[in-house]
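Down below is the structure, laid out as structure tokens.
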Amino acid sequence: NRVPKMRDETFIFCLNHVNVNTEKKVILELGTSRSFVDGRFPGCNSDDPKYWEPNNPEKWDWSAGCFTRFFAEHSNKTNQIITVDIDWRHINRCKLMTKDFSNINYVVSSSEEVLSKMPPSSIDLLYLDTGDMTPIEQTAQLHLREAKLIIERNILKDDGIILIDDV
């Protein structure tokens with residue numbers, strides 16, 4: 001009976017899954033935070049840290065990967081978050097946005113490379129947020145390759161969850 005719902009409902013569902021007890025859970029995010037501010041404001045997709053306003057969530061670019069910070073803040077501190085992006089600039093932005101959290105590992109790599117090295121049954125929550133909205137075909141093909149690796153390598157735990165972003 002799982003029907004796609006709004007981001008807040010799906011995030012809460014996933015948080016409940018990874019926060020069920022104090023046992024360490026592994027959260028793998030493919031595609032990291034890549035913008036300090038929403039496209040309505042100056043500085044969207046800029047590398048300049050002056051645009052990051054950590055105390056002003058209304059300006060955050062919620063559609064450009066705030067998953068990392070949100071889950072670092074609301075997940076049990078025993079949980080490990082691994083955030084992956086092929087672009088080192090995105091990882092650097094994410095590091096600034098999450099500098100107050102110590103349970104995050106930052107990886108500059110392709111999602112396919114990381115998935116091909118993950119041990120079996122190692123992931124509790126997998127957040128797929130790779131690729132771009134356009135051109136959609138390239139992103140669809142990337143997601144297909146990622147899905148094949150996830151299945152072939154059996155990286156999800158038996159009760160693991162995959163959360164797919166809007167692409």
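Okay, here's what the table says:
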{"item": "Between helix 136-153 and the chain: long-axis angle, C-alpha atoms, 0 to 90°, nearest 10", "result": "40 degrees"}
{"item": "Å² per residue, accessible surface of the chain at 1.4 Å", "result": "55 Å²"}
{"item": "Percent accessible area from carbon and sulfur atoms, the chain, protein chains only, probe 1.4 Å", "result": "53 percent"}
{"item": "Residue-span extension gain [C44 to K148] - 0.36 nm each, minus C-alpha spacing", "result": "34.1 nm"}
{"item": "Modelled FRET efficiency - R0 41 Å, D158 with N55, Cβ distances, 0.05 increments", "result": "0.55"}
{"item": "Calculated FRET efficiency for the pair Q141/H17, C-beta based, R₀ 22 Å, to 0.05", "result": "0.15"}
{"item": "Relative contact order (percent, whole number), the chain, Cα cutoff 8 Å, 6+ residue spacing", "result": "25 percent"}
{"item": "Global geometry of segment 44-162, whether rounded, prolate or oblate, following the gyration tensor of its Cα atoms and the 1.5 cut on a/c", "result": "oblate"}
{"item": "Pairwise label distance in nanometres, S122 with D8, each label 7 Å out on the Cα-Cβ vector", "result": "3.6 nm"}
{"item": "Within the chain, helix-based [θ] at 222 nm, where runs of 4 or more DSSP H residues each add -39,500 (n - 2.57), nearest 500", "result": "-10000 deg cm²/dmol"}
{"item": "Net charge dipole size for segment 61-167 [Lys, Arg +1 and Asp, Glu -1 on Cβ; Debye, nearest 20]", "result": "420 debye"}
{"item": "Set K25/K148; K24/K77; K99/K157; K50/K99 screened for pairs whose C-alpha atoms are more than 19 Å apart", "result": "K25/K148; K99/K157"}
{"item": "Helix axis angle, 7-18 relative to the chain longest principal axis, alpha carbon, degrees", "result": "50 degrees"}
{"item": "In sequence order, calculated HN-Hα J values of segment 27-32 (Karplus, 6.51, -1.76, 1.60; Hz; x Gly/Pro)", "result": "10, 10, 10, 9, x, 9"}
{"item": "Whether segment 27-92 is rounded, prolate or oblate, judged on the alpha carbon gyration tensor where a/c under 1.5 counts as rounded", "result": "oblate"}
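The values are calculated or read from the model by the stated rules, or taken from the named source; none is laboratory data. Because the structure is predicted, anything quoted here is derived from the model rather than measured. Note: ideal-geometry Cβ built from the backbone for every residue, glycine included; neighbour counts use all protein chains shown. Protein only, heavy atoms only, side chains kept; ligands, DNA and RNA dropped before computing areas. Shrake-Rupley method; radii C 1.70, N 1.55, O 1.52, S 1.80 Å.
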